[in-house]
1. Among (1) in contact (Cβ under 8 Å) with a residue 24 or more places away in the chain; (2) outside any loop (DSSP other than H, G, I, E, B), where does Phe78 come up short?
2. Return only the number of the condition from (1) assigned to a loop (DSSP other than H, G, I, E, B); (2) open to solvent by 20 Å² or more (accessible area, probe 1.4 Å); (3) in contact with a His (Cβ under 7 Å, 6 or more places away or on another chain) that Leu236 does not satisfy.
3. Within region 214-230, take every residue that is in contact with a helix residue (DSSP H, G or I) (Cβ under 9 Å, 6 or more places away or on another chain) and at pLDDT 90 or above and give me the one that is farthest from Val289 (Cα to Cα).
4. Test each condition in (1) out of contact with any Pro (no Cβ under 7 Å at 6 or more places or on another chain); (2) modelled with pLDDT under 95; (3) not aliphatic (A, V, I, L, M) for Pro151 and report the one that comes out false.
5. All but one of (1) buried (at least 20 other Cβ atoms within 10 Å of the Cβ); (2) more than 21 Å from the chain's Cα centre (by Cα); (3) not charged (D, E, K, R) hold for Ala318; state the number of the condition that does not hold.
6. What is the residue count in region 1-19 for residues that are in a loop (DSSP other than H, G, I, E, B) and either more than 22 Å from Leu251 (Cβ to Cβ) or within 19 Å of the chain's Cα centre (by Cα) (or both)?
7. Are there any pairs, at least 6 apart or on different chains, whose C-beta atoms fall under 8 Å, with the first in region 365-386 and of a type in the set (Phe, Trp, Tyr) and the second modelled with pLDDT of 90 or more and exposed (fewer than 14 other Cβ atoms within 10 Å of the Cβ), and if so, which?
8. Could you say which residue among Lys52, Lys84, Lys105 is surrounded by fewer than 19 Cβ atoms within 10 Å (Cβ to Cβ) and either part of a loop (DSSP other than H, G, I, E, B) or touching an Asp or Glu at 6+ places or on another chain (Cβ under 9 Å) (or both)?
Amino acid sequence: MKILLNFLTHETKSGMHNRYFPLSLGLISEFIKVNVKGVETFLFKRPTLLSKHIETNETKPDIVMFGNYMWVEKLSLFYAERIKSIFPDTLVVFGGPNLSLDEEKKVDFLRKNSFIDMIIQGDAEIASMHIVKGFKENNSDIEKLKSMNIPNTMSISKVSNKVYKGDNLDFRIGVGEISLEHIPSPYLSGGMDVFFEDGSIPLLESTRGCPYGCTFCQQGTKYFSKIRYYNDVRILSELDYIANKVKEESLDMEIVEFADPNFGMYKQDTKIFQHIRSIQDKYDYPKYVFSSSGKSQPERVLSNSKILKEGSMNLRAAVQSMNESTLKSIDRKNLPTEVFKKLSKESIDTYAETMLALPNESKKTYIDGICELVDAGIDEFSNHQTIILKGTPMEFDDY
């Protein structure tokens with residue numbers, strides 16, 4: 001069985017808009033392959049490479065899956081529709097964060113995009129595995145697969161127009177019997193090798209979940225509230241693998257990024273920082289470590305950042321707002337302003353993100369917040385427009 005996994009990004013003459021490794025695809029691919037026999041997976045980020053693969057391969061794909069993110073949704077929909085028109089018997093699946101939590105809106109999405117056979121809500125590894133198994137067991141019959149009502153999926157019958165919806169089961173890896181260690185590392189398996197190129201950015205994950213419930217965030221629901229940890233041996237091995245690859249192939253790569261929403265604030269993070277420093281000393285790589293800094297344990301976050309080579313980590317303070325009323329309305333917690341002042345005194349580079357037009361924010365409170373951060377010694381700012389994202393508490397009408 002041939003499966004194409006896609007997290008597409010826009011391409012221009014200057015390169016890709018998104019240079020990050022598609023870690024989510026790698027994890028789903030490894031989990032499927034370890035649990036379903038006779039499966040071959042192909043991972044794509046560049047639309048040009050996906051087009052070439054479809055045009056030049058003699059065998060049609062059995063399943064095509066797309067990671068649905070806000071900034072590439074139209075691109076993914078374009079390719080999904082085109083692939084379905086060429087291979088009508090190919091199963092087309094959408095997952096990822098840019099899917100509404102509202103049942104009616106999900107049904108509407110499927111009706112408007114009838115070339116999509118099925119959508120997955122939440123962590124996709126287990127649901128994807130069940131889809132692949134079910135498709136094989138039903139001899140690639142799409143209608144029979146839909147009628148299985150696989151948990152955490154939704155589909156609409158092309159024959160009866162019936163909506164099929166699986167039960168909402170807890171398919172979070174690391175919560176039930178299946179731990180994060182049941183997913184082989186896509187780096188150590190060589191599954192990410194195709195994405196090593198000049199200017200690319202390896203994406204790593206040392207934890208899953210976020211204890212905070214920010215209403216604008218796609219990890220702001222209770223679903224993501226439990227923190228799950230990867231084995232540190234795995235993470236250290238992945239860092240070694242990446243550094244060796246960059247050196248052996250003389251690649252012009254400088255950055256490693258951690259996808260963790262609160263990197264640096266957990267006890268086990270210290271070991272990761274120490275290992276990154278040892279790699280920096282040996283390979284002069286990575287020159288920069290990107291992450292979203294932890295929103296609590298400021299002393300630990302500061303201590304960990306100082307382990308790395310000077311200037312390699314810019315502490316990212318995603319404060320969003322400094323207005324207490326706004327923070328309460330978005331269920332947000334920030335590091336105390338005193339932390340930024342301390343960082344400034346110790347000459348540590350800092351970077352703050354704020355969001356325009358959050359609830360209970362006025363022009364005055366917003367500007368006052370910026371001034372407070374400037375006075376605290378913040379070096380750089382990004383000012384983002386608030387967007388009501390699908391899959392967030394903010395998307396619901398009552399909010």
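The values are calculated or read from the model by the stated rules, or taken from the named source; none is laboratory data. Because the structure is predicted, anything quoted here is derived from the model rather than measured. Quick reminder, even Gly has a Cβ in these numbers, built from the backbone with ideal geometry, and neighbours come from all protein chains shown. When the accessible area is computed, the model is the full protein with side chains, heavy atoms only, and any ligands, DNA or RNA have been set aside. Shrake-Rupley method; radii C 1.70, N 1.55, O 1.52, S 1.80 Å.
1. Every listed condition holds for Phe78 apart from (1).
2. Unmet condition: (1).
3. Among those residues, the one meeting the criterion is Thr215.
4. (2)
5. (2)
6. Residues in region 1-19 being in a loop (DSSP other than H, G, I, E, B) and either more than 22 Å from Leu251 (Cβ to Cβ) or within 19 Å of the chain's Cα centre (by Cα) (or both): 8 in total.
7. Tyr366/Leu356
8. That would be Lys105, the only listed residue that is surrounded by fewer than 19 Cβ atoms within 10 Å (Cβ to Cβ) and either part of a loop (DSSP other than H, G, I, E, B) or touching an Asp or Glu at 6+ places or on another chain (Cβ under 9 Å) (or both).
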